[in-house]
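Have a look at the structure below, then the notes.
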Amino acid sequence: MSPRKTTQEIIQEKTEQRLRRTFDADLSPEVDGRRVLLETVDVIKQYRQYDQVVTAVNRATFRVFEGEFVAIVGASGSGKSTLLHLCAGLDRPNAGEIYIRGNRLNAMKPDELGRFRGSYIGMVFQTHHLIPHFTALENILVPTMLCHKSEMSYNENLKKLVATLDIGDRLHHLPSELSGGQQQRVAIARALINMPQVMFADEPTGNLDRENAEDVLELLLETKKLLGQALVMVTHDLGIAARADRVYKMDAGRLRPWRRSLDGELPGYHGEE
């Protein structure tokens, strides 16, 4: 006869079931036969600075489709990183709506949002943020301890990522024993280990030389194609932005599509006018 569950265990089990039901609901809308994985509607983010209110993001509205690469460019302080962090669930907007897979992030409680992010959202920063006393392998596996996807095999995904990112011989090294490019590859593997559907990258090549920057971009594009992800990247590098399917420009908190007539040519960019 199995021991009776405590009240705390019953509550925890019911909470887990409720959260799983939330995550399993793929409510992604379709537009012209394409799944919308990310959508923002009139998103506003304001901060108080001394006696002034600063509007970092001013009614930002855009969509990102499955398998699409969208770049956001703009001057420093224009609000593009703030918008990215809002979309990734790292911060809350003051107004407006943010949807991923049709699920409204604003409506989620902190525990729900944390688990949702672990299941469906990946994030790569300009600085790798690796845990210094963990090996590369341990750093990669950190998200698996925070999110449990019963339908997937972490080992199988780990093998694919290690091969794609070419870090098989560095897995048991500490971050201090890795080059800058290798550290960023480990950070990318960490962001991808749970196979997120939406990948956010905040200046992922900003601290790298041109060769390593190109390598990191190719790896992000390759894994996007491999997993069918949506990739949203903030970058100052117009050469990288030109390779996106669509480019947006952030200016004083306002987001708009890149316009050749206003912003000039992006050599190699064939996206929307």
Count of residues meeting criterion [under 29 Å from S28 (Cα atoms) and open to solvent by 20 Å² or more (accessible area, probe 1.4 Å)] in region 49-83: 9
Pairs with Cβ under 7 Å, 6+ apart, first in region 130-155 and closer than 20 Å to R117 by Cβ, second hydroxyl-bearing (S, T, Y) and modelled with pLDDT of 85 or more: C147/S119; K149/S119
One residue from A71, A60 being in a strand (DSSP E or B), of a type in the set (G, A, S), modelled with pLDDT of 90 or more and under 26 Å from E222 (Cα atoms): A71
Condition check for R243: touching a residue at least 60 places away in the same chain (Cβ under 8 Å) and either in a loop (DSSP other than H, G, I, E, B) or more than 22 Å from T205 (Cα to Cα) (or both): yes
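Taking L161, is it in contact (Cβ under 8 Å) with a residue 60 or more places away in the chain, buried (at least 19 other Cβ atoms within 10 Å of the Cβ) and over 28 Å from K45 (Cβ atoms)?
Yes: the conditions hold for L161.
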Qualifying helices (runs of 4 or more DSSP H) (wholly inside region 134-210; at least 2 residues being over 22 Å from L38 (Cβ atoms), touching a Leu at 6+ places or on another chain (Cβ under 8 Å) and modelled with pLDDT under 80): none
Residue selected from region 223-273 under the condition farther than 17 Å from S78 by Cα and among the polar types (S, T, N, Q), by the criterion modelled with the lowest pLDDT: S261
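The values are calculated or read from the model by the stated rules, or taken from the named source; none is laboratory data. Here the structure is a predicted model, which is why all the values come from computation and not from measurement. Note that each Cβ is placed from the backbone with ideal geometry, even for glycine, and that neighbours are counted across all protein chains shown. Just the protein is used for accessible areas: all its heavy atoms, side chains included, with ligands, DNA and RNA removed. Shrake-Rupley method; radii C 1.70, N 1.55, O 1.52, S 1.80 Å.
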